[in-house]
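Take a look at the structure below.
The values are calculated or read from the model by the stated rules, or taken from the named source; none is laboratory data. All of these numbers come straight from a predicted model, not from anything done at the bench. A quick note on method: Cβ atoms are made from the backbone with ideal geometry, for glycine too, and the neighbour counts reach across all protein chains shown. The area values use the complete protein model at the heavy-atom level, side chains included, leaving out ligands, DNA and RNA. Shrake-Rupley method; radii C 1.70, N 1.55, O 1.52, S 1.80 Å.
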Amino acid sequence: AAAVAVGMLMGAVQYLPVMEYVPWSPRAGGKGYDYATSYAFPIEELLNTYIPEFTGILDKYWGRNGIHLHSEYLGVSVLILAVLGFGAVKLASRRSFARFWLGVGIVTLLWALGGSTPFFHLIYALVPGTKFFRAPSTIIYLVALAIAVFAALGTERVLARDFTRKYVVGWSIFAGLLFLLGVCGGLTSMANAIALPNRGAAPMPADNAGDLFIGSVRSFIAAAATLGVLLALLAGKLRSTTVAWLLTGIMALDLWSVERQYWMFSPPASQLYASDAIIEQLKAIKEPGRVLAIPGYMLGLRPTGVTAPRDPYIELISNGLMVHGVRQLLGYHGNELGRYDVLTGREEDYKEILNPKLWNLLNVRYLLTDVDSFPIPGASRIAGPVQNAAGSTEYLYRLPGENAFAWVAPVIVKAGDASVLATVLNARFDATLAALVDSAAPVVGPQITKLPPPTGIGVHTASYAAGHIALELGKPAPEGSALVV
C-alpha cells in the first residue's frame, strides 16, 4: 500500500494537471470506446513477441496500428526461461510471489489487447480517465516486466536442474514448427490473410517476406542456442555457473539483435533547431506578436525554393519556433484547449487560420512560409529568402492590421459559445468594443442595447515572458471595462 501511495505521488506530477485540464480540452466528455481502444495491441501481433518481423519492423509494418515505432519482442531465450518459470506457481517457496506476477501479466496483457477481448469493457467502465485517452498497448511494458520476473524464476529452476528433457524437446518442436512456417512462406500467407486490403502505398506482407525469412532463422538460432545449453546442463557437460553466464550472453545477443534497430541517433538540438536570420529578427521585436507558420500549399501556392521533408518550423504541427521563445498560432500540443480548436477550425483543415479576424483576436502579426509572394492585401515581405536549419527556403511577412497583444474594451458581454464564436469571426465585429466572456464566467457585465465607443486607452507591453506579463495602460481604465490579453 505504501509503495502504491508513493507511486501515485510520483505520477501526480503528470496526472493532477491533466485531471484539472481535461474539462477544457478537446477530450472533454470523453472520446468513446472506439477511440479508447485505438492503438491497442492487435491480438495477431502476439507472434511478434517471438518473431518480431511477422508484422514488419518500423517502415515495413503492415499491421492495424498506423504508428508502430516500438517493438513487442520479448526474446526467444527469455520466453523459454519464462515458461519454465511459470511452474514456480506450484513451488511453496515462490507461490505467492509467482501468483502475483502471473496476475500482473494476465491483467496487463488483456488491457494491452484493448477491444480484442471483452475485458477492456471493465477497464473502460472502472478505471478513471480511460474514456479520455487511447493506446492501451502502452501498458505492454508491464507485461514485459512480468515476463522478465518469470524468466528469473525460470533461471532459478534451470540452475537447480528442476526441469526435464521433455521440456527441452517440447520447445524444440515448437521452435522448429515456427521456423518451417517462416522460411517456407506459411507465416507470410497468414499475414496476407490478416492484412487490411486497400492500404495504398502502405507496406504489405509481401514487402516484408525477406525480413520474415531472416527473422525466422534468427529466432530459431536463439531457441537452439538456449535449448542446447539446457541439454548440456542436463547431460552434466556444463557447470551451473557456466550455464548462468551462457544464458545471460544468449539473452543479451538475442534482444540486441532486434532492439538495435530502434536505436536511432540524430544531430544535437543545437543543430536541428539552430537559429537563422528570420528567427533572430522575430526575437528582436519588442511588442509580442504571434507567427502563423505554414507551408505554401495551405495558401494554395507552390514553394519557391527548397522545402525540407521534415521542417520543424513550417510544418503544420511543428513547434520549432517555440525553442527560440517565438510564439506561434499553431503547433502540436495533443491536449490543447477545445475552444482554441473550434476557433481555428481545426476539424475542418484549420479553415479559419487565414481569417483576418482570427489574426486580430490572437495577436497574429507575422506569416512564415516557403513562398516568395503572399496574395493578401496589405501584407508585406520583411525578410527572406533565408535558409533555415532544416534546409528549407523561408520568407517572413508582416500581416495587415494592428492585431494587438492587449487592449482595453469598454464593456463586458456574457454569452454562450455558439453566439461568441459567430460574433468574433464576423467581419463586422470590432474586438476592441466588447470583451465577450462565457455566460458561466464569474464576472458581472451590464445590460447594453448598443456597443459604447472605444476607450482609446493605449496598452504597452513593458515585459513579456512565459508565465509573467507586465502591461502599462496609457491612462486609468473606467469602471466596467476589461483588459483583454
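Think of each Lys and Arg Cβ as +1 and each Asp and Glu Cβ as -1; about the Cα centre, that makes the dipole of segment 396-472 roughly 160 debye.
Taking 7 Å steps out from each Cα toward its Cβ at ASN335 and ALA462 produces label points 3.5 nm apart. Note on the chain: with neighbouring protein chains present and a 1.4 Å probe, carbon and sulfur make up 63 percent of its accessible heavy-atom surface.
Across segment 161-256, the relative contact order, built from alpha-carbon pairs under 8 Å that are at least six residues apart, equals 33 percent.
Extension gain for the segment ALA224 to THR242, taken as residue separation times 0.36 nm less the Cα-Cα distance, is 4.8 nm to one decimal. For LEU330, the residues 5 or more places off, or on other chains, whose built amide H falls under 5 Å of its own are ALA293.
Considering only protein heavy atoms, what per residue accessible area in square angstrom results for the chain with a 1.4 angstrom probe? All intermediate terms of the calculation are to be shown ahead of the outcome.
Details: 26030 Å² over 485 residues.
Accessible area per residue, the chain: 54 Å².
Per-residue counts of other Cβ atoms within 10 Å, averaged by peptide: what ranking do you get for 367-375, 4-12, highest first?
Numbers: 367-375: 20.2, 4-12: 9.8.
Output ranking for 367-375, 4-12: 367-375, 4-12.
Indicate the gyration tensor shape class of the chain (rounded, prolate or oblate), computed on the Cα atoms with a ≥ b ≥ c the square roots of the eigenvalues: a/c under 1.5 is rounded; otherwise a/b larger than b/c is prolate and the rest oblate. Prolate, since a/c reaches 1.5 and a/b exceeds b/c.
For the chain, what does -39500 (n - 2.57) per DSSP helix run (n ≥ 4), summed and divided by total residues, give at 222 nm, in deg cm²/dmol to the nearest 500?
On the way: 15 runs with 186 residues, N = 485.
My calculation for the chain gives -12000 deg cm²/dmol from helical runs alone.
Of all beta bridges DSSP finds with both residues in the chain, what is the antiparallel percent, to the nearest 5? Numbers along the way, then the final one.
Working: 18 of 27 bridges.
In the chain, approximately 65 percent of DSSP beta bridges are antiparallel ones.
Against the compact-protein benchmark of 2.2 N^0.38 Å, the Cα-based radius of gyration of segment 211-331 scales to 1.98. Using equal-weight Cα scatterers in the Debye expression, the normalised intensity of segment 373-436 in log10 at q = 0.20, 0.30 Å⁻¹ is -0.86, -1.27. Sorting 92-101, 348-357, 398-407 by average packing, meaning the other beta carbons within 10 Å per residue, from highest down gives 398-407, 348-357, 92-101.
How big is the gap, in Å, between the Cα center of segment 24-99 and the Cα center of segment 352-404? Using only Cα atoms, the two centres lie 46 Å from each other.
Counting only lysines at least 8 places from LYS237 when in the same chain, those with an alpha carbon closer than 23 Å to its own are LYS166.
Order 162-169, 83-90 from most to least packed using the mean count of other Cβ atoms within 10 Å.
Working: 162-169: 13.4, 83-90: 18.2.
Sorting 162-169, 83-90 by mean packing, highest first, produces 83-90, 162-169.
Based on the alpha-carbon gyration tensor of segment 438-485 and its eigenvalue square roots a ≥ b ≥ c, which shape applies: rounded if a/c is under 1.5, prolate if not and a/b is larger than b/c, or oblate? It is oblate, given that a/c is not under 1.5 and a/b is not larger than b/c.
Calculate, for SER189 and SER270, the FRET efficiency according to 1/(1 + (r/R0)^6) with r their C-beta to C-beta distance and R0 51 Å; round to the nearest 0.05. Can you show the working numbers first?
Values: r = 50 Å, r/R0 = 0.97.
Given R0 = 51 Å and the Cβ-Cβ separation, E is 0.55.
According to the Cα-based calculation, Rg over Rh for segment 6-56 is 1.19, with Rh computed by the Kirkwood formula. Reported value for segment 60-112: 99 Å³ per residue, from the convex hull of its C-alpha atoms.
Shape call for segment 271-417 from the C-alpha gyration tensor, a ≥ b ≥ c root eigenvalues: rounded (a/c under 1.5), prolate (a/b greater than b/c) or oblate? Working shown, then result.
Details: a/c = 1.66, a/b = 1.51, b/c = 1.09.
It comes out prolate by the Cα gyration axes.
Across every direction, the projection of the convex hull enclosing the Cα atoms of segment 287-355 has a mean area of 5.7 nm².
Hey, what's the Cα Rg ratio for segment 366-485 versus the globular rule of thumb, 2.2 N^0.38 Å?
Values: Rg = 18.6 Å, N = 120, 2.2 N^0.38 = 13.6 Å.
Cα-based Rg divided by the globular estimate yields 1.37.
Within straight-line reach of LYS286, meaning a Cα separation under 20 Å, there are no lysines at least 8 residues removed in sequence or on another chain. Take every Cα pair under 8 Å whose residues are at least 6 apart in sequence, average their separation, divide by the length of the chain, and the relative contact order is 13 percent.
I need the helices of the chain that pass two filters: whole DSSP H segments spanning 20 Å or more by Cα along the axis, and mean Kyte-Doolittle score no lower than -1.0.
Details: long enough: 2-21 (28 Å, 1.26); 95-112 (25 Å, 1.13); 140-159 (28 Å, 1.91); 165-183 (27 Å, 1.43); 209-234 (37 Å, 1.73); 240-259 (28 Å, 1.03).
Sorted by number, the helices that extend far enough and score high enough are 2-21, 95-112, 140-159, 165-183, 209-234, 240-259.
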